[in-house]
1. Please verify whether K37 is exposed (fewer than 10 other Cβ atoms within 10 Å of the Cβ) and part of a helix (DSSP H, G or I), treating the condition exactly as stated.
2. Among the residues in the range 56-68, are any within 8 Å of the chain's Cα centre (by Cα) and among the β-branched types (V, I, T)?
Amino acid sequence: MAVLKRQYEEAKKRVIALETDLQLAEQRIKMLEDMHKEDTSVEINILKQQLTHKSELLDKVKQLLTRAAINEKALRQRKPSRQFEFSTLQ
């Protein structure tokens, strides 16, 4: 009986040790998941900032292209009238 009692006590200690190891492992997993979420969150914020910056640049390019088109149209409209003025002067 003493042998069985000793084995039982040792088994209880192993169970406690295994439960403790399991709890520590679960805590490590949770910590790693939280770190991954933070890293992902940081990456998402960086990507959002880059997207915002690129959108702003795209808007500026659109404005410049619109202005260039307006200026080109104005130049084309002025050019024939100047040719007309020149031909009437001759």
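1. Against the criterion (exposed (fewer than 10 other Cβ atoms within 10 Å of the Cβ) and part of a helix (DSSP H, G or I)), K37 does not qualify.
2. no
Results for (1) in contact with an Asp or Glu (Cβ under 7 Å, 6 or more places away or on another chain); (2) of a type in the set (G, A, S); (3) modelled with pLDDT of 90 or more, shown as yes or no for each residue.
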position	(1), (2), (3)
E26	no, no, yes
M35	no, no, no
T40	no, no, no
E43	no, no, no
T52	no, no, yes
A68	no, yes, yes
R76	no, no, no
K79	no, no, no
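The values are calculated or read from the model by the stated rules, or taken from the named source; none is laboratory data. Owing to the predicted nature of the structure, the values given are computational and were not obtained by experimental measurement. Cβ sites come from the backbone with ideal geometry, for glycine too, and all protein chains shown count toward neighbours.
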